[in-house]
1. At 1.4 Å probe size, put Glu23, Glu193 in order of accessible surface, largest to smallest.
2. So for the chain, averaging the separation of alpha carbon pairs under 8 Å that are six or more residues apart and normalising by length, what relative contact order in percent results?
3. At a Cα cut-off below 12 Å, give the aspartates and glutamates reachable from Lys263, other chains included and same-chain residues fewer than 8 away excluded.
4. So what are the ³J(HN,Hα) numbers for region 251-266, from phi and the Karplus equation (6.51, -1.76, 1.60; θ = phi - 60°), rounded to whole Hz, Gly and Pro as x?
5. Can you find, among Asn97, Tyr5, Ile247, the residue farthest towards the positive end of the dipole of the chain? Put +1 on the C-beta of Lys and Arg, -1 on that of Asp and Glu.
6. Say the cut-off is 27 Å between C-alpha atoms; which of Lys57/Lys208; Lys3/Lys208; Lys75/Lys189; Lys57/Lys244; Lys3/Lys50; Lys150/Lys244 go over it?
7. Quick one: with all protein chains in place, what share of the accessible area of region 48-173 is carbon or sulfur, to the nearest percent (1.4 Å probe)?
8. Kindly list the residues of region 3-23 that lie in the label zone of Ile106, defined by a backbone N under 19 Å from the point 7 Å along the Cα-to-C-beta vector.
Amino acid sequence: MSKLYLVGTPIGNLSDITLRALETLKSVDAIACEDTRHSLKLLNYYEIKKPLFACHKFNEKASVDKIYEMIKDGKDVALITDAGMPCISDPGAIVVNQLLARDVEINVIPGASALTSAMALSGICQSVFTFIGFLPDKNKERAELLTPFKNVKTSLVFYSSPYDINKDIQYLHDFLGNRKLHIVREITKIHEEHIITTLADGVQEAPKGEYVLIVECADDIEQKPQGTIEEQLDELLGSGMDKKNAIKQVAKANGLSKDEVYKVAITK
């Protein structure tokens, strides 16, 4: 049986592609792309002419059978996304998971990654970090995602679009408190930029480009609860956190028992 190749592509600069990736894209029988129009720019730049078909978050499940049938028929298939590594905050994980269950051989062809590039640029000496990726749209889902990571002793890494960057920074400030923030944008492009600020002061004027946000752990900036107990509860509940966790968090931040905070919460 032939193979599926997961191929990393440039995240901005078209020159950031490996020789092995180019060799693979030239050798396969077909290429599954997140956006065929976007990928054509890269493929045309390197004069690679191969049949393309779409495999994105809206049709990924349906693409599995098509890719499997091609591989079963003796054709090698490459899977690429618009930028970076497939499966990392991009489509691909569903395809990989289901093809592995069918005993398909899968090879990875490494490439550029905004995650590792941003961490290198940040200069953070901490040897571990927690990658979270894009935040959900709804506050309730954001709170459910972030609650387990609120007190971890690692930096938290997020991806954000220019349309969401300020909303994301404001939400992270409301939910996590004021922490040191590294904003890295337009990685590998002409206007690559690394800004060191805080969640309180990180809102961007005229956002442009794709962003990586690195929020340092809570110990890196003194956390002082602001407002009354009732105001702190209002803020957490308004962010989508459930009442039980909000009471626990406010109690810990203020050195109070949960019962003391509960008496305030039951009036809400």
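1. Glu23, Glu193
2. With pairs under 8 Å counted, the relative contact order is 18 percent.
3. Glu230
4. Working through the residues one at a time gives 4, 5, 5, 10, x, 10, 7, 5, 5, 5, 6, 4, 4, 6, 5, 5 Hz.
5. The listed residue farthest towards the positive side: Asn97.
6. Beyond 27 Å: Lys3/Lys208; Lys75/Lys189; Lys57/Lys244.
7. Details: 3480 of 6330 Å².
Using a 1.4 Å probe with all protein chains present, region 48-173 comes out at 55 percent carbon and sulfur.
8. Hits in region 3-23 for Ile106 at 19 Å: 3-9, 21.
The values are calculated or read from the model by the stated rules, or taken from the named source; none is laboratory data. Everything numeric here is computed off the predicted structure, so don't read it as measured data. A quick note on method: Cβ atoms are made from the backbone with ideal geometry, for glycine too, and the neighbour counts reach across all protein chains shown. When the accessible area is computed, the model is the full protein with side chains, heavy atoms only, and any ligands, DNA or RNA have been set aside. Shrake-Rupley method; radii C 1.70, N 1.55, O 1.52, S 1.80 Å.
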